[in-house]
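These notes concern the structure reproduced below.
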Amino acid sequence: MIRWVFILLLVATGAWAVEPDEMLDDPVLEERARELSKGLRCLVCRNESIDESNAELARDLRILVRERLVAGDTDEEVIDFLVTRFGEYVLLNPQRTGSNLILWLAGPAALLTAGGVFAAYMRRRPTTPKSAQAGLSVDEQKKLAELLEDDT
């Protein structure tokens, strides 16, 4: 029973961030505000959306989003306003254009480069170690013969 209560508390914590006095009377606008808030980063919490965050700045941003929607802005206009004011860092999922494209492609490019270097190394290395290619020296052959004679 306690486990289920704990799980429910974890699931419901996101609902605690938006306070009742922030909510809009129009359910359509409120739904749009919630969707926009899920894609905006809390500048205090860093890896949490303003919809989930309890920070004061996140509250201010949620109110700002709702004010812009009530003023008649489209979703894109609200996002553009916040990006202009706070930079692209405010977006949880940054755009894949311009200089951000380099960052998006750097990880896969590094992985492919490392895979190519590894494949080239594996192709060029000898299949058998040098010690196995050379065989046994005369002294080693004598010692081996003595050991084999001792065992029999």
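Spin-label point model (7 Å from Cα, Cβ direction): what's the Ile63 to Ser99 distance in nm?
3.3 nm
If we sort 44-51, 26-33 on the protection proxy, mean other Cβ atoms within 10 Å, highest first, what's the order?
44-51, 26-33
Please get the size of the charge dipole for the range 27-125, origin at its Cα centre, with Cβ charges of +1 on Lys and Arg and -1 on Asp and Glu, quoted in debye to the nearest 20.
Rounded to the nearest 20 debye, it is 940 debye.
Tell me which residues come under 5 Å, amide H to amide H, from Leu40 once H is placed; ignore anything under 5 positions away on its chain.
Result for Leu40 returns Ile50, Asp51, Leu92.
Only the coordinates and a few stated rules stand behind these numbers; no lab work does. All of these numbers come straight from a predicted model, not from anything done at the bench. All Cβ positions, glycine included, derive from the backbone under ideal geometry; neighbour counts span all protein chains shown.
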